[in-house]
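What follows is a short report on a single structure.
The values are calculated or read from the model by the stated rules, or taken from the named source; none is laboratory data. Fair warning: this is a prediction, and the values are worked out from it, not measured in the lab. Virtual Cβ from ideal backbone geometry, glycine too; neighbours counted across all protein chains shown. These accessible areas exclude ligands, DNA and RNA; they are computed on the full protein's heavy atoms, side chains included. Shrake-Rupley method; radii C 1.70, N 1.55, O 1.52, S 1.80 Å.
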Amino acid sequence: MSKLVVALAGLGTIGTGLARLLAENSVAQERLVLKSVLVRDASKPRPYLPASARLVTNLQDVIGDPEIDVVVELWGGVDAALKLCRSALAAGKHVVTANKNLLAEKGPELFALARENGVTIGFEASVCAGIPIIRVLREALRAERILSVEGIVNGTTNYILTRMSEAHISYDEALKEAQEKGYAEPDPTYDVTGKDAACKAGILASLAFGSFVDSQRIPTRGIATLGAEDVRQAEAMGYRIKLIAAGRRTASGALDVEVAPVLLPHDHPLASVRLEYNAVLVESQGLGRTVYSGKGAGPAPTAVSLLADLLDAADGRALPADDAGFTANPAVLEPPRDQIDRYYVHLCVPDKPGVLAKVAGVLATRDVSLASVLQPEAEPDAQSFIPLILTTHRARRENLDAALTELKKEPWGKQVVLRIQDR
Ligand SMILES: NC(=O)c1ccc[n+]([C@@H]2O[C@H](COP(=O)([O-])OP(=O)(O)OC[C@H]3O[C@@H](n4cnc5c(N)ncnc54)[C@H](OP(=O)(O)O)[C@@H]3O)[C@@H](O)[C@H]2O)c1
């Protein structure tokens, strides 16, 4: 059987992990040959490269080489990676990529190009690295009607939230610890703002619901405004705060997709996912709830998924590019204002009489009723504010937001608003 000829673009963390696996794995050696590695600097020492591989610095050395069957894009980012993948697909080469940003932004264009040229795009590694969730959605559940997909898809934020909850430390302390252990970047913005999770949410929702969900249209909130008090109060109420990427079908047929920190009950399948681990919960009509969990980052887990995609291409069983949800028709998204949920609200208020009555009154005028009120004993902060923690009964998000906007006119401190999920 002839071997699939591979070109690898990028020898960073993941590229080196894949090169190592290709050199060590016997199935890879039987079915694949790594011919070219496209790098910027060919003079840098590169460990783990097999004797078959030569370093090249010119895109044309890969695209113009008729022997190369597949290009593995591991550059990251959008612009250069897009140019590389466009050229590879147009030249009739398969593409395998771990690049969530590229697919979340340019998925429909690349899949259309792959279809036109009769080639495939493998992207298992783009969401949750080694967890085979893309395969589950594209293959195992292909005939299922998927009702919802919810995931912890970012290891950095899950590590921070787990440490805040278990070690009772502040957000800043947990972030510092994550950075020291290599789970957070020196600049953590992309992870803690939820942007990384939004790209993955876009890909998962596109596959689950069969029409393209542009990640830039997904309402996205991160975890940086959460305090130790929020994590403590959530725990005391029987919940755990997790950054959840969620998509579900609504009664109107639109999709409700969001990324936000959410209060999950302790017995929710995602509540027990700790530290840097990832997990995705899929609810479908016939199968009910299934959970897929494991290591969602790192060179070894990511290389496992990349290798599986390469072997599929080698065996001619990579899925055609026409079933992937990266279609030209954009999904219809439900506006967040229409969501009806229970909410946790943390206000920072002055320690004086009449404040609670004022808050309850403003909420009541917007049809938001209170389920519980808690004023934990606390020393006033630097601005003399104390916490006021409320939970609401089911309320329309638009009404809650209007009430909170009204309350923001008061010279009080920050507000934290989180959705409470009951199952
Ligand atoms: N890290 C993870 O755990 C993980 C998990 C799942 C998916 N991914 C995805 O995998 C991809 C690669 O991530 P990574 O962590 O390996 O990144 P990385 O360590 O920064 O490596 C990227 C490599 O690509 C090269 N590169 C970037 N742009 C290039 C260009 N225009 N021309 C030539 N070379 C270029 C860089 O070369 P220089 O060294 O010369 O800059 C570097 O060697 C990303 O899409 C990422 O989202 C990563």
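List of remarks:
- Pairwise label distance in nanometres, T225 with N117, each label 7 Å out on the Cα-Cβ vector: 4.4
- Taking Cα atoms only, the orientation of helix 355-365 departs from the longest principal axis of the chain by about 70 degrees.
- For E283, solvent-accessible area (1.4 Å; no DNA, RNA or ligand), Å²: 40
- Taking 0.36 nm per residue of sequence separation and removing the Cα-Cα distance, the A371/K352 pair yields an extension gain of 4.6 nm.
- Spin-label model, S272 to Q216: label points 7 Å out along the Cα-to-beta-carbon direction sit 4.1 nm apart.
- Alpha-carbon centroid distance for the pair segment 133-210 / segment 230-286, whole angstrom: 11
- Ranked from largest to smallest solvent-accessible area, with a 1.4 Å probe on the protein heavy atoms, T225, T250 come out as T225, T250.
- With a cut-off of 12 Å between beta carbons, the residues surrounding A308 carry a summed charge of -2, where Lys and Arg count +1 and Asp and Glu -1.
- Positive-end residue, segment 339-420 charge dipole about Cα centroid, Cβ charges, pick of G413, Y343, V355: Y343
- Positive-end ranking of S36, T302, L287 along the dipole of the chain, with charges on Cβ about the Cα centre, is headed by L287.
- Taking every DSSP helix (H) stretch of at least 4 residues in the chain, weighting each as -39,500 (n - 2.57) and dividing the sum by the residue count yields a mean residue ellipticity at 222 nm of -10000 deg cm²/dmol.
- Counting only protein heavy atoms and a probe of 1.4 Å, the accessible surface of segment 142-295 is 48% carbon and sulfur.
- Helix axis angle, 299-314 relative to the chain longest principal axis, alpha carbon, degrees: 50
- Potential extension, H393-T57 segment - 0.36 nm per residue separation minus Cα distance: 115.0 nm
- The listed residues S126, S87, once ranked by accessible area (1.4 Å probe) with the largest placed first, stand as S87, S126.
- Look at the dipole of the chain built from charges on Cβ: of V62, P376, A313, the Cα furthest out on the positive end belongs to A313.
- Given K44/K106; K44/K83; K242/K295; K106/K195, the pairs whose alpha carbons are separated by over 26 Å: K44/K106
- The modelled label-to-label distance between N25 and S170, using points 7 Å beyond Cα along the C-beta direction, is 4.4 nm.
- Solvent-accessible ranking of M164, M237, M1, largest area first, probe 1.4 Å: M1, M237, M164
- In this structure, S252 and T13 have a Cβ-Cβ separation that, at R0 = 51 Å, corresponds to a calculated FRET efficiency of about 0.75.
- Taking Cα centre as origin and charging only the Cβ of basic (Lys, Arg, +1) and acidic (Asp, Glu, -1) residues, the dipole magnitude of the chain rounds to 380 debye.
- The residues of the chain have, on average, 43 Å² of accessible surface per residue, using a 1.4 Å probe with all protein chains present.
- The charge dipole of segment 242-325, taken about its Cα centre with unit charges on the Cβ of Lys, Arg, Asp and Glu (plus for the first two, minus for the last two), comes to roughly 320 debye.
- Reach of K3 by Cα under 22 Å, taken over lysines that are not fewer than 8 positions away in the same chain: K35, K93
- Taking a straight line from the alpha carbon of K352, these lysines sit under 27 Å away, with near neighbours fewer than eight places off in the same chain left out: K408, K409, K414.
- The aspartates and glutamates whose alpha-carbon is closer than 18 Å to the alpha-carbon of K358, local same-chain residues fewer than 8 away aside, are D367, D401, E406, E410.
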